[in-house]
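K.L.:
Sharing a structure below in structure tokens format, with a few things to ask.
Derivation of every value follows stated rules applied to the coordinates shown; laboratory data play no part. This one's a predicted model, so the numbers in the text were calculated from it and none came from an experiment. Reconstructed Cβ throughout: ideal geometry from the backbone, glycine too, with neighbour counts over all protein chains shown.
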Amino acid sequence: MSSCCDSSKILDDTIAFPTPREVIGIVNAAYSVRAREGVTANYARNVAEAFGYTQEQLSTVPDGAHMGLSCGNPVATATIKEGETVVDLGSGGGIDVFLAAAKVGENGCVIGLDMSQDMINLARANATKKGLKPPHVAFIKAQLTETLPIESNSVDCILSNCVVNLLPLDGKAALLKEINRILKPGGRIVLDDIVAKKPLPDNIKNNLASYVGCISGAILVDEYKALLDEANFTKVLFVDTKSDLGVYYRVPTEDGNVSNNPSCFTPVPTGHLSAAPDYDVNHWVASYQIFAIKDGISSPGTPALALSRWWDAYPSVFSSPRSLKAHELASIIRDQTQTSTFAVIDVRKNDHAGGHVRGSYNWAAQSFYDDLPSFYQEFKNFPKVIFYCQSSNGRGPRCAGWYQDYLDAQGDGRSTAFILEGGIKQWLTDFGKEEDLVDFD
């Protein structure tokens with residue numbers, strides 16, 4: 001879910017205000033529209049510069065990474081250091097992830113979380129343009145109101161840019177507690193968000209377009225502080241950036257001037273606009289930068305791996321490759337007439353020792369997806385490409401699926417992915433003493 005937008009195809013203010021769960025679905029749908037259809041480069045740049053992004057920063061990221069969805073520039077004040085692990089909540093097209101990645105360097109890690117699959121797809125495409133890939137930079141689909149797919153005590157700094165306001169109140173509280181869980185002791189947060197200046201009247205609170213536009217979900221500073229306190233944060237600081245939120249209504253013209261935009265808080269392409277709010281946004285809400293620390297002192301040592309599941313950083317598998325039993329593969333290997341018809345792929349990494357299928361090639365699962373183009377070139381002429389891992393319950397089937405998906409996308413029927421049923425465990429059980437079938441490092 002990145003930041004503020006809406007769509008008249010999704011929003012209907014004539015119906016009753018939806019439940020918190022329904023609101024999350026509507027927000028997701030609205031931001032998915034923005035990810036698929038985008039905004040003009042002039043508009044995106046105008047909003048980004050209004051909230052502190054410099055021309056130098058914007059020149060280092062793909063155009064699609066900044067989409068006119070910001071209400072601040074968290075990276076500018078987060079004092080991100082080389083080698084740190086950073087998480088961006090509601091990463092959108094990826095602008096703050098890319099800026100943070102330049103600061104953490106090759107030994108650091110930046111993870112963007114977003115609930116919209118369309119936003120994740122866009123951000124991953126932008127990462128590819130910059131030559132960035134996991135584990136250095138990863139984009140993960142995640143519901144921010146649920147348990148985050150990040151290990152406890154593993155993150156140095158957490159960023160967010162105009163996102164927390166979009167969550168229902170209970171979701172805000174749950175997210176802040178999750179943020180505290182995943183931060184290392186002494187870890188910090190920098191949240192740019194829309195905050196209410198005064199209690200919002202019912203006509204604003206119950207306006208769904210204003211909610212998706214980052215207004216109606218804004219809470220008071222004292223309410224925000226209470227949530228941070230409940231989540232056990234210390235050294236909490238709220239800074240009013242004094243930004244003019246009217247920038248969201250101004251659309252740059254080709255001659256460099258601006259015109260008033262008769263849309264919502266942030267405009268989306270023609271055909272998806274809803275009416276502008278009939279009140280002064282700056283009178284009711286403001287853009288704040290929020291700082292806080294997780295109590296404690298981080299212990300020195302090897303950095304913890306932040307992602308709970310490394311494969312979440314990659315697309316899901318769509319195909320369902322067929323399995324081969326161990327005795328079927330053994331027959332193929334022993335048949336001298338089939339030597340050029342198959343290849344066996346061992347996708348284990350740290351657990352590769354202890355025996356493997358003789359003649360198998362080792363391609364670690366953790367980097368397999370990124371290496372698919374070169375893998376395809378090497379193995380596309382083998383009719384059968386058989387994958388295995390320890391038990392062939394996770395890495396083996398996943399890599400086989402990725403390869404088959406790649407073949408399907410290429411329209412290439414020369415090669416087919418298979419999975420060795422039972423993995424190396426079953427293979428060693430059946431053939432552990434047969435030298436023509438088993439080899440050791």
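K.L.:
Which trypsin sites (Lys or Arg not before Pro) does the stretch 201-244 hold that lie in a coil by DSSP with at most 16 other beta carbons within 10 Å?
P.N.:
In loop regions of the stretch 201-244 (DSSP not H, G, I, E or B), the sparsely surrounded trypsin sites (Lys or Arg not before Pro) are Lys242.
K.L.:
Along the stretch 427-441, what does the Karplus equation 6.51 cos²θ - 1.76 cosθ + 1.60 (θ = phi - 60°) give for ³J(HN,Hα), rounded to whole Hz, x for Gly and Pro?
P.N.:
Going residue by residue, I get 4, 5, 4, 7, 10, x, 9, 9, 4, 6, 10, 10, 10, 10, 5 Hz, with x marking Gly and Pro.
K.L.:
Same structure, new question: Would you please give the FRET efficiency between Val236 and Lys205, computed as 1/(1 + (r/R0)^6) with r the Cβ-Cβ distance and R0 = 30 Å, to the nearest 0.05?
P.N.:
0.75
K.L.:
For helix 95-104, report the angle its Cα long axis makes with the longest principal axis of the Cα atoms of the chain; keep it between 0 and 90° and round to the nearest 10°.
P.N.:
Taking Cα atoms only, the helix is inclined about 60 degrees.
K.L.:
Just name one of Cys157, Thr339, Cys399: the one whose Cα is farthest towards the positive end of the charge dipole of the chain (beta-carbon charges, Lys/Arg +1, Asp/Glu -1).
P.N.:
Thr339
K.L.:
Which chymotrypsin sites (Phe, Trp or Tyr not before Pro) does the stretch 366-441 hold that lie in a coil by DSSP with at most 10 other beta carbons within 10 Å?
P.N.:
Those satisfying the criteria are Phe440.
K.L.:
Same structure, new question: Could you compute the longest span of the chain free of GluC sites (Glu not before Pro) located in DSSP loops and having at most 14 other Cβ atoms within 10 Å, not counting the site residues?
P.N.:
255-433
K.L.:
Work from the charge dipole of the chain (Cβ charges, +1 for Lys and Arg, -1 for Asp and Glu, about the Cα centre) and give the residue of Ile297, Val86, Asn180 farthest towards its positive end.
P.N.:
Final value for the positive-end residue is Ile297.
K.L.:
Just checking my list [x] 0.95; [y] 1.06; [z] 1.09 against Rg/Rh (Cα atoms, Kirkwood Rh) computed from this structure; which label fits?
P.N.:
Label of the calculated value: [y].
K.L.:
For the stretch 20-313, what is the relative contact order in percent, using Cα pairs closer than 8 Å and at least 6 residues apart in sequence?
P.N.:
20 percent
K.L.:
Most fluctuating residue of Ala48, Ala78, Ala30 in a GNM of the chain with Cα springs under 10 Å: which is it?
P.N.:
Highest fluctuation among the options: Ala78.
K.L.:
Rounded to the nearest 20 debye, what is the charge dipole size of the stretch 20-313 about its Cα centre when +1 sits on each Lys and Arg Cβ and -1 on each Asp and Glu Cβ? Intermediate values should be presented prior to the final figure.
P.N.:
Numbers: 25 positive and 32 negative charges, 86 e Å.
It works out to roughly 420 debye.
K.L.:
While we're on this one: Check Thr85: other-chain or 5+ apart residues with amide H under 5 Å from its amide H, H built from backbone geometry?
P.N.:
Cys109, Asp156, Cys157
K.L.:
What list of ³J(HN,Hα) values in whole Hz, one per residue of the stretch 75-81 in order, does the Karplus curve 6.51 cos²θ - 1.76 cosθ + 1.60 (θ = phi - 60°) give from phi, with Gly and Pro shown as x?
P.N.:
4, 5, 10, 8, 6, 6, 10
K.L.:
With a ≥ b ≥ c the root eigenvalues of the C-alpha gyration tensor of the stretch 188-245, is it rounded (a/c under 1.5), prolate (a/b larger than b/c) or oblate?
P.N.:
Since a/c reaches 1.5 and a/b is larger than b/c, the shape of the stretch 188-245 is classed as prolate.
K.L.:
Restricting to DSSP H runs of at least four residues, report the calculated mean residue ellipticity at 222 nm for the chain, -39500 (n - 2.57) per run over all residues, nearest 500 deg cm²/dmol.
P.N.:
Here the helix-only value at 222 nm equals -9000 deg cm²/dmol.
K.L.:
With r defined as the distance between the Cβ atoms of Phe440 and Lys81 and R0 fixed at 41 Å, what FRET efficiency is calculated, to the nearest 0.05?
P.N.:
The pair Phe440/Lys81 has a calculated efficiency of 0.40.
K.L.:
Specify the angular offset, from 0 to 90 degrees and rounded to the nearest 10, of the alpha carbon long axis of helix 221-230 from the longest principal axis of the alpha carbons in the chain.
P.N.:
Between the helix axis and the principal axis of the chain, the angle is about 40 degrees.
K.L.:
Per residue of the stretch 164-176, what does 6.51 cos²θ - 1.76 cosθ + 1.60 with θ = phi - 60° give for ³J(HN,Hα)? Whole Hz please, x for Gly and Pro, Karplus curve as stated.
P.N.:
Working through the residues one at a time gives 4, 4, 7, 8, x, 4, 4, x, 4, 4, 5, 5, 5 Hz.
K.L.:
Sticking with this one: Where does each of Leu176, Leu89 land when they are ranked from fewest to most other beta-carbon atoms within 10 angstrom?
P.N.:
Sorted ascending by nearby Cβ count, the order is Leu176, Leu89.
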